[in-house]
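The values are calculated or read from the model by the stated rules, or taken from the named source; none is laboratory data. The structure presented is a predicted model; accordingly, all values stated were derived computationally and were not measured. Ideal geometry is used to build each Cβ from the backbone, glycine not excepted, and the neighbour counts take in all protein chains shown.
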Ligand code: AMP
């Protein structure tokens with residue numbers, strides 16, 4: 001990879017980077033497509049990063065489909081697949097730095113998955129140094145992660161442009177995710193209710209914040225067998241702070257964020273409060 005990179009850089013060609021944890025789906029491929037529009041060469045990494053898993057069972061059950069992934073990458077037009085081993089990313093004696101992520105760590109994914117964003121920052125710090133791309137592409141499906149990436153780039157002063165890309169969805173609205181393949185057919189179908197609930201909330205919210213609307217949606221979701229909502233929050237798109245009940249919503253951009261466990265599989269999603 002380093003040999004290829006040096007040659008591309010010597011020729012002043014632009015390098016785009018799409019980090020993934022594999023079990024690739026159309027959402028990942030849309031990032032590669034976007035990267036190809038902006039860059040001469042696209043590098044896709046596949047690495048199931050242990051430092052970002054706060055539960056060992058979640059790490060063990062994370063789907064691994066390496067051969068299918070490589071086949072998809074060949075078709076996708078990506079130029080280089082980077083599948084580092086654990087020791088290449090975290091060598092003997094490596095000690096994980098602490099990253100100042102501020103309030104990002106105290107809400108939603110930050111508070112529900114302690115250490116998760118520190119692990120995300122750690123692996124991207126390593127990758128951004130090794131790959132040194134001009135641009136890196138991330139999905140808005142992991143909206144809070146996108147903010148963590150931007151914060152990491154600021155903290156470490158990486159000369160990398162970060163591009164956020166829209167969420168790709170299944171026909172019934174469920175956000176595409178590698179984790180979806182762990183759902184039973186029945187639960188996969190019923191999980192469409194998550195996106196439906198979010199779009200109904202877009203219509204239901206008036207000019208002011210109303211916590212009752214969120215509670216009603218949580219109750220509807222939790223009525224489904226094997227559904228357990230971790231959180232459903234309205235928060236500012238820029239700093240993820242939640243409004244006071246009754247607060248005027250016209251002065252900021254707001255988003256709905258949720259994490260729902262379906263058959264023990266943790267699904268996340270988000271949508272802007274006012275459709276774009
Ligand atoms: P992951 O393999 O889950 O770590 O995801 C790798 C990248 O793909 C991240 O930037 C994700 O935000 C992005 N991604 C995952 N699912 C989707 C989706 N449904 N639509 C667009 N991007 C996605």
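Within segment 197-219, none of the residues are in a helix (DSSP H, G or I), under 24 Å from residue 65 (Cβ atoms) and within 16 Å of the ligand (Cβ to nearest atom). Within segment 220-245, residues that are touching a residue at least 12 places away in the same chain (Cβ under 8 Å) and on the phi > 0 side of the Ramachandran plot reach partners that are outside any strand (DSSP E or B) and surrounded by fewer than 16 Cβ atoms within 10 Å (Cβ to Cβ) with beta carbons closer than 7 Å, at six or more positions or on different chains, in the pairs 240/103. For segment 151-167, the set of residues classified as assigned to a loop (DSSP other than H, G, I, E, B) and crowded, with 17+ Cβ neighbours inside 10 Å consists of 158, 160, 167, listed by residue number.
May I ask you to verify whether residue 148 is in contact with a helix residue (DSSP H, G or I) (Cβ under 7 Å, 6 or more places away or on another chain), modelled with pLDDT of 95 or more and either within 13 Å of residue 19 (Cβ to Cβ) or part of a helix (DSSP H, G or I) (or both)? Spelling it out, residue 148 is indeed in contact with a helix residue (DSSP H, G or I) (Cβ under 7 Å, 6 or more places away or on another chain), modelled with pLDDT of 95 or more and either within 13 Å of residue 19 (Cβ to Cβ) or part of a helix (DSSP H, G or I) (or both).
For segment 20-49, the tally of residues that are more than 10 Å from the ligand (Cβ to nearest atom), surrounded by fewer than 19 Cβ atoms within 10 Å (Cβ to Cβ) and in contact (Cβ under 8 Å) with a residue 24 or more places away in the chain stands at 4.
The number of residues in segment 53-94 being touching a residue at least 40 places away in the same chain (Cβ under 8 Å) and on the phi > 0 side of the Ramachandran plot comes to 1.
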